[in-house]
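Input: a single structure, listed below in structure tokens.
The values are calculated or read from the model by the stated rules, or taken from the named source; none is laboratory data. Treat the numbers as computed from the prediction; the structure is a model and nothing was measured. Cβ coordinates were reconstructed from backbone atoms using ideal geometry, including for glycine residues, and neighbour counts include every protein chain displayed.
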Amino acid sequence: MSTPVLQARDINRSFGSLVVAADINFSLHEGARHALIGPNGAGKTTFINLLTGHLAPSAGSIWLNGEDVTALPVHQRVRRGLARTFQINTLLREMSVLEGVQLAVMEHWNEGRRLFSGVAQQRRAAEAAYDLLETLGLEADASLPVGGLAYGRQRLVEIAMALALEPRVLLLDEPAAGVPPADSHLMLDVIAALPKNIAVLIIEHDMKLVFRFAQQISVLVAGRILTQGTPAEIAADPMVRDVYLGSKHHG
């Protein structure tokens, strides 16, 4: 089998006596469509923070494209193809949709610090950004301020900005959280249409989205991988039903 594009090997993390990640082994291959689910407090966002470099493991290692990146900071992992959706900050909310995605394109081209240094580069980045907006059905919003969009469309802008980094691995942390049910189909359609060569890991409590999207599902409970399988296998697993699918507390 080919080398995983992203791999966690024997990852552990604790805060004093509190264990938030315990002996986690996890792999994503090119083009994977994988979901991570589990009850509240299972450690899902902590695990994403370990993968991206926002948090260092107490033990174990993170590998990206066959390279040990455990000691690398966030921006170096991004340069190597690992992207994560992020909340729109105040500055970006004041920009137009096109400007926000253009900024992400320029940053990927290592031109972020020289955004106003060359008209030709700006134009090329704007064209690339507009192409992304068309792909996500956001072209009609290009000139609008990000902060003026409905929340669901702001989440789509986040995905556009992550895709502007041309990732090999895309981590989506609850992309449908806070999106009104009337707009949830937009998120489903966008996620389903993501480029096939990108490995995608999604954390999501919306089981409709998870079971439509995922080819494989991992279940995290108390910082440990309880089980992994196809959607059908996970849905039929009595342990999963007991600790999560049958629980009132999802997330």
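Before moving on, here are some points about what is shown:
- If you go through the range 27-44 and pick out every residue that is surrounded by 16 or more Cβ atoms within 10 Å (Cβ to Cβ) and more than 17 Å from ARG77 (Cα to Cα), you end up with 11.
- Residue within the range 92-104 that is under 30 Å from ASP242 (Cα atoms) and assigned to a loop (DSSP other than H, G, I, E, B) present: no
- Any hit, the range 89-99, residues being without any contact (Cβ under 8 Å) to a residue 40 or more places away in the chain and charged (D, E, K, R): yes
- Qualifying residue in the range 32-51 (condition: of a type in the set (Gly, Ala, Ser), closer than 28 Å to LEU149 by Cα and outside the structural domain of PHE211 (by TED's automatic domain parsing)): no
- Counting residues in the range 86-95 that are crowded, with 21+ Cβ neighbours inside 10 Å and either among the aromatic types (Phe, Trp, Tyr) or at pLDDT 90 or above (or both) gives zero.
- Residues of the range 33-68 satisfying the condition of being closer than 11 Å to ALA21 by Cβ and without any contact (Cβ under 8 Å) to a residue 12 or more places away in the chain: ASN49
- Looking across LEU165, LEU170, one residue alone is part of a strand (DSSP E or B) and in contact (Cβ under 8 Å) with a residue 60 or more places away in the chain. It is LEU170.
- Within the range 200-225, residues that are touching a residue at least 40 places away in the same chain (Cβ under 8 Å) have Cβ atoms under 6 Å from residues that are among the aliphatic types (A, V, I, L, M) and not in a strand (DSSP E or B) in these pairs: VAL200/LEU194; GLU204/VAL210; PHE213/ILE191; ILE217/ILE234; VAL219/VAL240; LEU220/ALA42; VAL221/ALA42; VAL221/VAL243, counting only partners at least 6 apart in sequence or on another chain.
- Here the condition is being touching a helix residue (DSSP H, G or I) at 6+ places or on another chain (Cβ under 8 Å), among the β-branched types (Val, Ile, Thr) and crowded, with 19+ Cβ neighbours inside 10 Å; of VAL105, VAL5, VAL78, VAL74, it holds for VAL105 alone.
- Residue count for the range 179-195, restricted to those that are surrounded by fewer than 14 Cβ atoms within 10 Å (Cβ to Cβ) and in a loop (DSSP other than H, G, I, E, B): 3.
- Search result, residues across the range 196-225 that are in a loop (DSSP other than H, G, I, E, B) and either at pLDDT below 90 or among the β-branched types (Val, Ile, Thr) (or both): ILE198, GLU204, HIS205, ASP206
- Looking across SER2, SER14, one residue alone is at pLDDT 90 or above and either in a loop (DSSP other than H, G, I, E, B) or among the hydroxyl-bearing types (Ser, Thr, Tyr) (or both). It is SER14.
- Checked across the range 166-178, the condition of being at pLDDT below 85, hydrophobic (A, V, I, L, M, F, W, C), crowded, with 22+ Cβ neighbours inside 10 Å and in the same structural domain as ILE37 (by TED's automatic domain parsing) holds for at least one residue.
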